[in-house]
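Written below as structure tokens is the structure these notes are about.
The values are calculated or read from the model by the stated rules, or taken from the named source; none is laboratory data. What you see is a predicted model; the values in this text were computed from it and never measured. The area values use the complete protein model at the heavy-atom level, side chains included, leaving out ligands, DNA and RNA. Shrake-Rupley method; radii C 1.70, N 1.55, O 1.52, S 1.80 Å.
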Amino acid sequence: MNKDRVTGLDKQLAVIASLPYHLSRLPLREGLSLALDALLKVTKSEAAELFLRESVTGDLFLAAHRGPFRNAFFQLTRFRPGEGYPGIIAVKKEPIFTTQLQTDPRYLRTRVKDLGFRSYLCVPIESGDEMLGSLNLASRELRRDYPEYKRLLSWAAPSIAMAVRLRLYEVEKLFETSLARITVETERNLDSML
């Protein structure tokens with residue numbers, strides 16, 4: 001194994017090791033942005049995205065984006081299951097990689113294609129059997145190294161899944177606590193009226 005490859009792997013492992021720390025201590029949006037920035041840096045990609053799945057509709061929505069050309073990547077921010085790369089990932093739960101993004105009809109954001117993006121990698125984010133979303137990288141360069149980064153994104157996905165699940169749990173508990181308090185107050189008010 002050559003020295004550059006070992007150094008690259010060391011950098012990738014350092015990014016993966018830092019994700020749980022940052023994702024657990026920062027507000028979710030800030031932690032996700034930091035995670036995407038770290039992945040951009042270590043992969044030398046131009047754009048990174050995170051799509052999350054809505055539990056009610058199953059649609060995937062763009063939850064975080066880092067990199068230039070925000071307007072192009074925000075052309076479409078919601079995909080139904082089976083629609084576009086995020087929707088395909090949600091159904092198949094398998095990574096997608098291409099170096100021919102501009103001619104791939106499955107990729108629906110034409111503005112991204114018009115900017116000359118060629119390489120795209122999507123990896124599912126799962127928690128147990130539950131599909132939570134996808135983690136994506138994009139580049140205008142022909143990136144034949146993206147299959148190697150599939151492993152890196154697959155390693156990053158569980159930390160992101162854990163952070164998302166933790167925040168959802170916190171919101172659910174807050175909702176339950178608020179609902180219980182409202183119920184108790186309503187019962188008191190009803191008792192005082194009787």
Expressed per residue, the solvent accessible area of segment 34-135 in Å² (1.4 Å probe) is about 46 Å²
Taking 0.36 nm per residue of sequence separation and subtracting the Cα-Cα distance, how much length would be gained by fully extending the chain between D129 and R144, in nm to one decimal? 2.4 nm
Please report the carbon-and-sulfur percent of the accessible area for segment 55-96; probe 1.4 Å, protein heavy atoms only, DNA, RNA and ligands left out. 49 percent
